[in-house]
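The values are calculated or read from the model by the stated rules, or taken from the named source; none is laboratory data. Remember, it's a predicted structure, so these values are computed and weren't measured experimentally. Don't worry about glycine lacking a Cβ; one is built from the backbone with ideal geometry, like all the others, and counts go over all protein chains shown. Surface accessibility is based on the protein's heavy atoms, side chains included, excluding ligands, DNA and RNA. Shrake-Rupley method; radii C 1.70, N 1.55, O 1.52, S 1.80 Å.
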Amino acid sequence: FLSSLWPCSNRNHLCACLILMACLSPSQLQKFQEDGFLVLEGFLSADECVAMQQRIGELVADMDVPLHCRIEFSTQEEEQLRSQGKKDYFLSSGDKIRFFFEKGVFDEKGNFLVPPEKSINKIGHALHAHDPVFRHVTHSPKVQALAKSLGLQMPVVVQSMYIFKQPHFGGEVSPHQDSTFLYTEPLGRVLGIWIALEDATLENGCLWFIPGSHTGGVSRRMVRAFAGLKLNTRFLGSEPVWDDSLFVPTPVQRGALILIHGEVVHKSEQNLSDRSRHAYTFHLMESLGTMWSPENWLQPTAELPFPPLYT
């Protein structure tokens, strides 16, 4: 496809063509500024998507999560606070690669009721730092060029996740703003990069957005709280009841990238189809002139400060 547009004579020329494609046009920048999200189809090749899927398959095949660390991941507020919001396995995952599961996949003792590879909801939150395949994608020349075309001067990577959206029961993600969990002062310094590794359709749980909803601030925040010396979390504020008619579905093909402003409201429905919807997503923060809230659940550590995007 690229060769038909620019007949490259060598690898360096091809790389330059790829970087050129990653740069946003003025009209794309304007649309992102107006809507708070932007779709870039064909950002990754099919081969690049397959490479990440194969690597994640190896990680899942080798995973060994102790019974007491098996957490059912949820985006419902009460379940969030009760499950991952009070578990050290989740709260200390910012500098590690850890595994989180769908609801209803364990018996009362924590044993799997379905095959482990079919039970997993997501892997997070430092694939970008600890796995060479995902580090390569995160810091690729294409991603760096994209960030530069957005005007980011000193972006750092704050977290990364591989999301499975399993067939038949892949969980709903309720309406939310990423800055609820990744809060900065000033606001507007967090950017989500969401890459479809499989087609994301209406049937298998594509993303839905409320265009323009990134201009009204943050309605709630998840913050650190302590019970004695034990770390847990709580919410400040509350999520509004969003009118379903405001949401716009955003189906995309494998290899598409969606830019997500930290304050834009978005969601995804439960996957009741027979096809999964794999995606790799990570978040950037413009660190120049920005304070990462010390109340955020996720914090940089001595072992893993937030790594600069530009290499």
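Here are some notes:
- A search for C-beta distances below 6 Å between a residue of the range 197-216 that is on the phi < 0 side of the Ramachandran plot and open to solvent by 10 Å² or more (accessible area, probe 1.4 Å) and any residue that is at pLDDT 95 or above and charged (D, E, K, R), counting only pairs 6+ apart in sequence or on different chains, returns Glu198/Arg254; Glu198/Arg277; Asp199/Arg254; Trp208/Lys267; Pro211/Asp35; His214/Glu263.
- Criterion: under 27 Å from Leu44 (Cα atoms) and modelled with pLDDT under 95 - qualifying residue of Leu272, Leu309: Leu272
- Tally, over the range 240-252, of residues that are hydroxyl-bearing (Ser, Thr, Tyr), open to solvent by 20 Å² or more (accessible area, probe 1.4 Å) and either in contact with a helix residue (DSSP H, G or I) (Cβ under 6 Å, 6 or more places away or on another chain) or assigned to a strand (DSSP E or B) (or both): 0
- Matching residues in the range 154-171 - criterion: being over 21 Å from Pro115 (Cβ atoms), crowded, with 17+ Cβ neighbours inside 10 Å and over 14 Å from the mean Cα position of the chain (by Cα): Pro155, Val156
- If the condition is being part of a loop (DSSP other than H, G, I, E, B), under 26 Å from Thr201 (Cβ atoms) and more than 17 Å from the chain's Cα centre (by Cα), then the range 271-290 contributes Leu272, Ser273, Asp274, Arg275.
- Exclusive hit being open to solvent by 20 Å² or more (accessible area, probe 1.4 Å) and of a type in the set (Gly, Ala, Ser), set Gly192, Gly151: Gly151
Okay, residues lined up against (1) under 24 Å from Leu127 (Cβ atoms); (2) in contact (Cβ under 8 Å) with a residue 24 or more places away in the chain:
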| position | (1), (2) |
| --- | --- |
| Leu236 | no, no |
| Gln253 | yes, yes |
| Ala279 | yes, yes |
| Met285 | yes, yes |
| Trp292 | yes, yes |
| Glu295 | no, yes |
| Leu298 | yes, yes |
| Phe306 | yes, yes |
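- For the range 117-145, taking the residues that are without any contact (Cβ under 8 Å) to a residue 24 or more places away in the chain and open to solvent by 20 Å² or more (accessible area, probe 1.4 Å), the one that is nearest to the chain's Cα centre (by Cα) is identified as Arg135.
- Any hit, the range 179-187, residues being open to solvent by 40 Å² or more (accessible area, probe 1.4 Å), of a type in the set (D, E, K, R) and at pLDDT 95 or above: yes
- All conditions but one from (1) at pLDDT 80 or above; (2) open to solvent by 10 Å² or more (accessible area, probe 1.4 Å) apply to Glu72; the one that does not is (1).
- Qualifying residue in the range 225-239 (condition: outside any strand (DSSP E or B), surrounded by 21 or more Cβ atoms within 10 Å (Cβ to Cβ) and either charged (D, E, K, R) or modelled with pLDDT of 95 or more (or both)): no
- If you check Val265, Val223 for being touching a helix residue (DSSP H, G or I) at 6+ places or on another chain (Cβ under 7 Å) and in contact (Cβ under 8 Å) with a residue 24 or more places away in the chain, only one passes: Val265.
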